[in-house]
Amino acid sequence: MHRSAKTKALSALATAKGSLDTDALDELLTILCKVVSNVLKKPADDTVRSLRFGNKTVKNKIACRAGGVEFLLALGFVDVGSGEDRALVLPIGSPSTKDGKTKDSDDISSVKWAQRTLEDMLKDISSSSSTSSKSKPPQAAAPVSNVSGFDPFASNVLQRVLQLFIELST
């Protein structure tokens, strides 16, 4: 996966995290994780690499949520068709071989990266939601300078994002 694609994917996830309440974010990340998991299980199956916008789950859990479609586009999904035929399709080429051994294509490695990233975010959400009350309505974030005791490294997600940017720069 190219550096710019990872940056776009992380940006889409940051948009989702900043725009959605915890339950909606958890639902989005869970469905995205299922999509990438299905692609990894059956990479040659066209049905798991094609997400129709007319599908109730795609429409109500991905397309209507900030960052969902953008994340999939960053992974290499392509927006095709229009109207009822509109879909996101992940075109995966055949795996390349070297010295008789099969090697993951770039597309599959990006899906593996996405799965790890989504799983890390889901773990972070579940650990933070178990310590906070779910009955509180979402509130706008205060500017960092006004938050006493702010620790930018307290979040596992931020640590993962920083780790990924370090990986990208090397």
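Observations on the model:
- Number of residues in region 69-102 that are in a strand (DSSP E or B), at pLDDT below 85 and either surrounded by 12 or more Cβ atoms within 10 Å (Cβ to Cβ) or out of contact with any strand residue (DSSP E or B) (no Cβ under 6 Å at 6 or more places or on another chain) (or both) equals 4.
- Candidate set from region 43-68 (those that are open to solvent by 60 Å² or more (accessible area, probe 1.4 Å) and among the charged types (D, E, K, R)); member that is modelled with the lowest pLDDT: D46
The values are calculated or read from the model by the stated rules, or taken from the named source; none is laboratory data. Everything numeric in this text was worked out from a predicted model, so none of it was measured. Don't worry about glycine lacking a Cβ; one is built from the backbone with ideal geometry, like all the others, and counts go over all protein chains shown. These accessible areas exclude ligands, DNA and RNA; they are computed on the full protein's heavy atoms, side chains included. Shrake-Rupley method; radii C 1.70, N 1.55, O 1.52, S 1.80 Å.
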